[in-house]
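Right, one structure below, let's go through it.
All of the numbers you see were taken from the coordinates with simple rules; none came from a lab. Because the structure is a prediction, the values reported are computed rather than measured. All Cβ positions, glycine included, derive from the backbone under ideal geometry; neighbour counts span all protein chains shown.
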Amino acid sequence: MRQTAIGIALLILSPLGIGCGGTPVSSEPPRYVDLSHAYDEDTVFWPTEDGFVLQQEADGWTPKGYWYSANRFESAEHGGTHLDAPRHFSKGGLTVDALPIKRLIGPGVRIDIKAACLENRDHLINVQDLKNWEAAHGPIPEGALVLLETGFAQFWPDRITYMGTDQRGVEAVAALHFPGLDPEAARWLAEKRQIRAVGLDTPSIDRGQSSDFLSHRVLAAAGISIFENLARLDALPPKHFEVIALPMKIRGGSGAPLRIVARLPAR
Ligand SMILES: [Zn+2]
């Protein structure tokens, strides 16, 4: 009985529990949206990086009669759905293992900039784009994890449409074309709003044509984490969901593969 009472109390107190204001508490479980791409041989990495490698070590019946499967993998920190820790572009920034969990979980907002980004693949998501969202949905909440939807996830994992080139190596970097966050907008988020993280569905928070990575630098200096190559942002509402972003805990890592999910209230 006691457990049931606590369970009900938790439901009512939950930020997603729809308990306040006399609205009936739903008995439906919350819904989760997986915002990570899987890692495989097609996973998109920066042109200068090798891809993800999964090497099979065992996959079959042993002489003792039990099944045994085990692989090893090789991967750069920054490829596929991953987190950039502040250390990636800030000398004194936190490494991925040092990021407090509370900076990786919080209220999510999804800002839809698909129209501008699909019309111009070099679009810089600017302060006005962010203000337009606020005009419709209210201020970006304190502690938010801000997810920018460019629509480019629909091209994954085709490198030509997703990032502008399927060439590899240093020379290919100049051929990258995909939208990203305007450094002025990064500064606005860092200085005018209290956010924990910002992510998007392209390979980099700076657009493909950036060569100074200024948005990375501004956000890193402010201790804001970055999520790149996100999936399924189109399944999210503009707000009223929670983001849970848990990277692999690499000691000293500048970034890491990221399992990120959104938790939506029951319908
Ligand atoms: Zn990165």
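Couple of notes before you dig in:
- Per-residue HN-Hα couplings for the stretch 79-96 [Karplus 6.51, -1.76, 1.60; θ = phi - 60°; Hz; x = Gly/Pro]: x, x, 6, 9, 10, 9, 6, x, 4, 4, 10, 9, 3, x, x, 5, 7, 5
- Shown here: the stretch 72-136, whose C-alpha atoms stretch 41, 27, 25 Å along the first, second and third principal axes, sorted largest to smallest.
- For the pair Glu184 and Arg72, the difference between a 0.36 nm per residue extended length and the Cα-Cα distance amounts to 36.2 nm.
- Relative contact order for the stretch 132-267: 23 percent, from Cα pairs under 8 Å spaced at least 6 residues apart, divided by residue count.
- nm² value of the averaged projected area, convex hull over the Cα atoms of the stretch 130-267: 9.3 nm²
- Using the rule -39500 (n - 2.57) for each DSSP H run of four or more residues, divided by the residues of the chain, the 222 nm mean residue ellipticity is -5500 deg cm²/dmol.
- Karplus 3J(HN,Hα) series, Hz, for the stretch 41-54 with 6.51 cos²θ - 1.76 cosθ + 1.60 (x for Gly, Pro): 5, 8, 4, 7, 10, 4, x, 8, 9, 6, x, 6, 10, 10
- Least to most buried among Trp156, Trp188 (fewest other Cβ within 10 Å first): Trp188, Trp156
- Screening the chain for DSSP H helices whose Cα atoms reach 27 Å or more along their own axis and whose mean Kyte hydropathy is at least -1.0 gives nothing.
- Largest first, the extents of the alpha carbon coordinates of the chain on the three principal axes equal 65, 62, 37 Å.
- Least to most buried among Glu134, Glu28 (fewest other Cβ within 10 Å first): Glu28, Glu134
- Counting DSSP beta bridges with both ends in the stretch 114-259, the antiparallel % (nearest 5): 15 percent
- Fewest-first sequence of Lys131, Lys64, Lys102 by Cβ atoms within 10 Å of each Cβ: Lys64, Lys102, Lys131
- ³J(HN,Hα) computed for each position of the stretch 165-180 - Karplus, 6.51 cos²θ - 1.76 cosθ + 1.60, integer Hz, glycine/proline x: 7, 10, 6, 10, x, 4, 5, 6, 4, 5, 8, 6, 9, 7, x, x
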